[in-house]
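Read the structure below first, then the notes.
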Amino acid sequence: MVRGGPKLDHGRRQELGQSFQDGGRHYQQVRPGYPMESARWMVPEHVRDVLDVGAGTGKFTALLLDMGLNVTAVDPSADMLAQLKAHCPAATAVTGTAEATGLPAAGFDVVTVAQAWHWCDPLAASTELARVLRPHGTLGLVWNQLDTSVPWVHRLSRIMHAGDVYRPGHKPVVGPEFHRLEGHVSHWQDRVTTTDLMELTKSRSYYLRAGEATRAKVLANLDWYLHEHLGYTADQELELPYLTLAWRAVKA
């Protein structure tokens, strides 16, 4: 098994994760959504109740609601959940974590975790999420990442410090409570402006935890790359290639 992406010990994971406690409105405005293909692949037919863990502002929650599902959304950040409630009022919003949802046992057919599993303790989270799943329930994990197989995007990701880029062959760690882990990749493009990319960079954990000098350097490098090296004009629109990496596993 080949692993890539962020390698974080528990303390560093908590430190970086704290950077998302505030700034929910900015996150909602600048972060991309997800292709419906990824949600339909992870969620089996004929299920009713889905738990979206680490739901943030509701980017993935919205897809689940569009599928006609009953959705409970869990996140540790009250600021993020305030945005989720505004954009996804049909979802039930609950404060909690993947390791401690505070929800009753065997209440859900599917648990999804979008862009958040790397902030969790995967073994403790697996135990808790297996507890709240019904027998033979599904755990679905999903990440958006820049498509770094495209050369200009690869360099962009390095300038942005987009650390959550996984190498081919990567599989997420899940606990022994789950088996039959399988993956799926969706290719798509997000239409953004160069200003959007500057703001997207400001929503990354690296930028949020950096000092003022480092932040200024990152933005200056990005401005040079987009507007001088690549030759885009200010606020020009471009198609930004993404991969959405999804995995699903079944409760053993």
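The values are calculated or read from the model by the stated rules, or taken from the named source; none is laboratory data. Quick caveat, the model's predicted, so the values are computed rather than measured. Cβ coordinates were reconstructed from backbone atoms using ideal geometry, including for glycine residues, and neighbour counts include every protein chain displayed. Heavy atoms of the whole protein, side chains included, go into the accessibility calculation; ligands, DNA and RNA do not. Shrake-Rupley method; radii C 1.70, N 1.55, O 1.52, S 1.80 Å.
For A39, the stated conditions do not hold, so it cannot be described as small (G, A, S), surrounded by fewer than 24 Cβ atoms within 10 Å (Cβ to Cβ) and assigned to a helix (DSSP H, G or I). Only a single item in (1) buried (at least 17 other Cβ atoms within 10 Å of the Cβ); (2) on the phi > 0 side of the Ramachandran plot; (3) not hydroxyl-bearing (S, T, Y) is not met by R180, and it is number (1). Inspection of segment 72-80 finds no residue satisfying the criterion of being open to solvent by 30 Å² or more (accessible area, probe 1.4 Å), polar (S, T, N, Q) and at pLDDT 95 or above. So for segment 130-146 (the condition being closer than 23 Å to L200 by Cβ, crowded, with 21+ Cβ neighbours inside 10 Å, of a type outside the set (A, V, I, L, M, F, W, C) and touching a strand residue (DSSP E or B) at 6+ places or on another chain (Cβ under 9 Å)), does at least one residue qualify? Yes; the residues of segment 130-146 include at least one that is closer than 23 Å to L200 by Cβ, crowded, with 21+ Cβ neighbours inside 10 Å, of a type outside the set (A, V, I, L, M, F, W, C) and touching a strand residue (DSSP E or B) at 6+ places or on another chain (Cβ under 9 Å).
Let me confirm something: among D52, D66, D121, which residue is charged (D, E, K, R) and open to solvent by less than 10 Å² (accessible area, probe 1.4 Å)? Walk me through it before giving the result.
On the way: D66 fails: open to solvent by less than 10 Å² (accessible area, probe 1.4 Å); D121 fails: open to solvent by less than 10 Å² (accessible area, probe 1.4 Å).
Every option except D52 fails the conditions.
Just one of (1) assigned to a helix (DSSP H, G or I); (2) touching a residue at least 60 places away in the same chain (Cβ under 8 Å); (3) open to solvent by less than 50 Å² (accessible area, probe 1.4 Å) fails for Y207. It is (2). Scanning segment 68-104 for residues that are closer than 12 Å to L51 by Cα and among the aliphatic types (A, V, I, L, M) turns up L69, V71, A73, V74, A91, A93, V94, A98, L103. Has segment 235-242 got at least one residue that is polar (S, T, N, Q), open to solvent by 30 Å² or more (accessible area, probe 1.4 Å) and in contact with a helix residue (DSSP H, G or I) (Cβ under 7 Å, 6 or more places away or on another chain)? Looking for residues that are polar (S, T, N, Q), open to solvent by 30 Å² or more (accessible area, probe 1.4 Å) and in contact with a helix residue (DSSP H, G or I) (Cβ under 7 Å, 6 or more places away or on another chain), one finds at least one in segment 235-242, hence yes.
If the condition is being of a type in the set (A, V, I, L, M, F, W, C), more than 19 Å from the chain's Cα centre (by Cα) and under 30 Å from K251 (Cα atoms), then segment 125-173 contributes A130, V132, L133. Taking each residue of segment 174-202 that is closer than 14 Å to E37 by Cβ and looking for partners that are open to solvent by 60 Å² or more (accessible area, probe 1.4 Å) and acidic (D, E) with beta-carbon atoms closer than 9 Å, six or more apart or interchain, yields H184/E37; S186/E37; W188/E37; Q189/E239.
Taken over segment 176-193, the residue count meeting the criterion of being in a strand (DSSP E or B) and either out of contact with any strand residue (DSSP E or B) (no Cβ under 9 Å at 6 or more places or on another chain) or over 19 Å from M42 (Cα atoms) (or both) is 5.
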